[in-house]
Amino acid sequence: MALWADPLLSKLDLAPKISGGHFLSITMILAQEADIALIDSTVLEAYLREYPAAPLKILSRLGPYPAPPLVLSERLPASQREKLQELICNMHLDKEAKKALHKAGIKRFDRVRGEDYLGLKELYERVVAERSLT
């Protein structure tokens, strides 16, 4: 559970639990081991594609925000990072890779810039500022 949710949980007499991952949080909800969870939308969409009748109720959504980024280690040489980025961003042009993307519910990957995530940065800064007021 996100740190910003702690005050809400205490008002409802709920204790936060750490599942270890978004998919595990879904399984904890379904097993009645948890009552509420924050789930990454990409994970939730994949889960609901696989289990469309899952008894989950979506209370709220944040966003829209860009999908989570794919990241590469800076330890890789720049030429290798650039080649990987090119391959990933052109997967949708390859017949077999396009099938794999489709199976995962992904149309394509695009190059992103830091400014594509400014909305998330602003949300984070607002949450941090509100936490410092309490």
Check region 28-38 and report whether any residue there is under 15 Å from Gly105 (Cβ atoms) and assigned to a loop (DSSP other than H, G, I, E, B). no
In region 90-106, residues that are within 17 Å of Pro64 (Cα to Cα) and touching a helix residue (DSSP H, G or I) at 6+ places or on another chain (Cβ under 7 Å) total 0
Glu115 meets each of (1) modelled with pLDDT under 85; (2) part of a helix (DSSP H, G or I); (3) loosely packed, with under 12 Cβ neighbours inside 10 Å with one exception, condition (1)
In region 50-84, which residues are surrounded by 10 or more Cβ atoms within 10 Å (Cβ to Cβ) and modelled with pLDDT of 90 or more? Tyr51, Ala54, Leu56, Leu76, Gln80, Arg81, Glu82, Lys83, Leu84
Is there a residue being in a helix (DSSP H, G or I), free of Cβ contacts under 8 Å to residues at least 24 places away in the same chain and out of contact with any Phe, Trp or Tyr (no Cβ under 7 Å at 6 or more places or on another chain) anywhere in region 49-59? yes
Scan of region 93-123 for residues that are within 15 Å of the chain's Cα centre (by Cα) and over 30 Å from Glu50 (Cβ atoms), ordered by number: Lys121
Please count how many residues of region 60-87 are over 26 Å from Tyr124 (Cβ atoms) and in contact (Cβ under 8 Å) with a residue 12 or more places away in the chain. 1
Within region 88-111, work out how many residues are free of Cβ contacts under 8 Å to residues at least 40 places away in the same chain and either touching a Leu at 6+ places or on another chain (Cβ under 7 Å) or outside any helix (DSSP H, G or I) (or both). 11
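The values are calculated or read from the model by the stated rules, or taken from the named source; none is laboratory data. Fair warning: this is a prediction, and the values are worked out from it, not measured in the lab. Positions of Cβ are backbone-derived with ideal geometry, glycine not excepted, and every protein chain shown enters the neighbour counts.
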